[in-house]
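What follows is a single structure, written as structure tokens, with notes after it.
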Amino acid sequence: MSVTDRPSAAPADLVALDDLAPGAAAAARAVAEARFRELLGSVALCALIIDRSGTIELANEHLAELLGWTPDDLVGRDWFDTCRSEAERPEARAWLADVIAGRPVIERRHENNVVTRTGSVRTLRWSTTVLHGVDGDVASVASLGEDVTEARETETELARLAAAVAQATDMIAITGPDGTIQYVNRAFELESGYAAHEAVGRVLVDLVRSGAHPDEFYADLDALNDRAGAWADTIVDRRRDGTLHEINLRVSPFRGPSGEVAGYVHVGRDLTRERTLEAQLRQAVKMEAIGQLAGGIAHDFNNMLTAIRGYAELVDAEIPPRDVEVRDDLAQIILTADRAAALTRQLLAFARKQVAEPSVLDPAGVIDGLAPMLRRLLGEHVELVLDARPAIGWILIDPHQLEQVLLNLAVNGRDAMPGGGTLTIGVAEVEVDAADRKAWPHLAPGPHVELVVADTGLGMTRQTLDRVFEPFFTTKAPGHGTGMGLAMVHGIVTGAGGEIMAESVPGGGATFRLRFPRRDAPGDPDRDSADGGAVPAGRGTVLLVEDEPTVRAFAARCLRDLGYLVVDAAGGPAAVELADRPGFHADLLVTDMAMPGMPGTELARTLAAVHPGLPVLFVSGYADATLVGEGWMDGASGFLAKPYTRESLGRAVAEALASSRDPSGRGAASRRASRPAS
């Protein structure tokens, strides 16, 4: 074989092998090959020669040691079967076939992986040439290789590190010892507003200096850098557009080969979202506390209203018809108590502690009843316009939840009109057909009732509209809103089988449209049976448990007047003590739900263990889910909301007893009881 690529002419001081006699040429060729092999064996690189079939003709000590073999072990072995992975062998053999065929496939420098005797993989960078035989054909392929495994691993690690820094969500800037920016990542560009080419080369502190800190603050930062130690602080920086943002900044020095500080790595995290969430959480906690307070006040007030209204009714029943003036005075007391009860219902709706009782109602009536409170809420600078004629349409929804929806939308509209304006609330009957399905995808075709709440305020952008019903999303300043109002509105409307849509443009106000399936108006017979008629006479023993003395006395008197035998207790422990007495019997437990020491639900469970099957009528000014817990209606025969009247108490007791005697299970009163609002 010739160890050259057959040069066109030999140097003048050399004799071409082809010019020698055959014997002399063979001897010279052998000497040249021996010298070439000796040269390959002595270089500090991996040397390899394979023949046309891929068999190893030469492997120097350097290559053999790298692969875990000796040179003699490798010679005669198939290179591809021995040192290439199974997956790469077909491509490698195809490469050799192309070389032998004379196709131009050889790159002077290329890399591939080789498999050592132990199965580990190394990466070699090869320089390859072909060796021709005397006939001019390719006889062998010779390669010199350099092990670049560690270098490639380092490159991969550096690339991974560079990608991690570039794609990190924290802002990262690298500066020189003098604070000049050398690199910024994508997060820095997005948060600061400066493109990399605008930031690199500028002094970082000067670029983002906000003026929110005194000069001494920045002097202290320079002193920290001079000490060449890592430090962290919260700092206010200025964006490119002039806006300020608070960031948590961590600065760490990095050192050069001689140990000198070569620069600093600045890692900043924008705290805007965290501060917003903190403000929302504080607002939510504050609103929860206000709600707890409002609910507690409403509960206690309902107790007083029960006694005030109840005793007024009892007195009214004793006054002769001719005492018109006295009866009118009593009527005013009862009317005022009813108005006060409406206020407590609104408080409970605000506190979200009202028992959910969906009913078919005329939304115009709810709007009319809520109007005085809305006017106080909106203030003098906002005009309230009502376009809600009665009996336009009826819908199925809890009236207190509807009040809550209207209150939230009104507050939202008021806040959008800081300089004053007009809030309009209207009701209309609309028809939803197939053409409306795109705008109202969750409504079935047919007649619907539409409530419209519109303001003349600042309006909203498309981006805000797309997120307006998201929980915790708000455009209000921190501390001025939780972002839960419209999310709660959306939940109530959809929970009632309706749908809500918002329309707005910047500067053009906002309109909220609420559509509910239209219901038939409740018939007079049902209303008469629910609200009028004689209260049935009582029969049986009632265990009455109420912690408010005036309410307990009023309820006991009403029940006794109706013919019931009443055993009363001032709380849960006293009721348990009564029930433990020998011979105790009761046909019905009537208990307040919110009592100190032992809530009514716990009392009911305790007595059920001793007196199985004892029916329960729960009574409360509100039903807080944290008080009553899961499954509070299990085994209950009804629920009565405060303030109640003599008639409503009598009917509720009669229905609860009838329900307990119903062989089919739960009766009418139980079926009408609702779960607590969440």
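List of remarks:
- For the range 559-585, a tally of residues being open to solvent by 20 Å² or more (accessible area, probe 1.4 Å), closer than 20 Å to Tyr644 by Cβ and either of a type in the set (Asp, Glu) or not in a strand (DSSP E or B) (or both) returns 5.
- Residues of the range 475-496 that are closer than 13 Å to Ala279 by Cα and either at pLDDT 75 or above or open to solvent by less than 60 Å² (accessible area, probe 1.4 Å) (or both): Ala477, Gly479, Gly481, Thr482, Gly483.
- Filter result (modelled with pLDDT under 90 and in contact with a helix residue (DSSP H, G or I) (Cβ under 6 Å, 6 or more places away or on another chain)) within the range 354-365: Gln354
- Test: residue in the range 391-404 that is assigned to a loop (DSSP other than H, G, I, E, B), out of contact with any strand residue (DSSP E or B) (no Cβ under 7 Å at 6 or more places or on another chain) and farther than 28 Å from Arg519 by Cα: no
- Taking the range 313-336 as the range and being touching a helix residue (DSSP H, G or I) at 6+ places or on another chain (Cβ under 8 Å), open to solvent by 70 Å² or more (accessible area, probe 1.4 Å) and outside any helix (DSSP H, G or I) as the test, only Pro321 passes.
Residue-by-condition table, conditions (1) among the aromatic types (Phe, Trp, Tyr); (2) surrounded by 13 or more Cβ atoms within 10 Å (Cβ to Cβ); (3) over 59 Å from the mean Cα position of the chain (by Cα); (4) at pLDDT 80 or above:
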| position | (1), (2), (3), (4) |
| --- | --- |
| Pro22 | no, no, yes, no |
| Ala27 | no, yes, yes, no |
| Val31 | no, no, yes, no |
| Gly54 | no, yes, yes, yes |
| Gly68 | no, yes, no, yes |
| Asp72 | no, no, yes, yes |
| Val75 | no, yes, yes, yes |
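- Taking each residue of the range 128-140 that is over 19 Å from Gly76 (Cα atoms) and looking for partners that are surrounded by fewer than 17 Cβ atoms within 10 Å (Cβ to Cβ) and of a type in the set (Lys, Arg) with beta-carbon atoms closer than 9 Å, six or more apart or interchain, yields Thr128/Arg108; Thr128/Arg109; Thr129/Arg108; His132/Arg6; Val134/Arg29; Gly136/Arg6; Asp137/Arg52.
- The residue that is farthest from Leu514 (Cα to Cα), among those in the range 405-440 that are open to solvent by 60 Å² or more (accessible area, probe 1.4 Å) and not in a helix (DSSP H, G or I), is Gly419.
The values are calculated or read from the model by the stated rules, or taken from the named source; none is laboratory data. Bear in mind that the values here come from a model prediction, so they are computed numbers and not experimental data. Ideal geometry is used to build each Cβ from the backbone, glycine not excepted, and the neighbour counts take in all protein chains shown. For the accessible areas, the whole protein counts, side chains as well, though only heavy atoms, and no ligand, DNA or RNA atoms are used. Shrake-Rupley method; radii C 1.70, N 1.55, O 1.52, S 1.80 Å.
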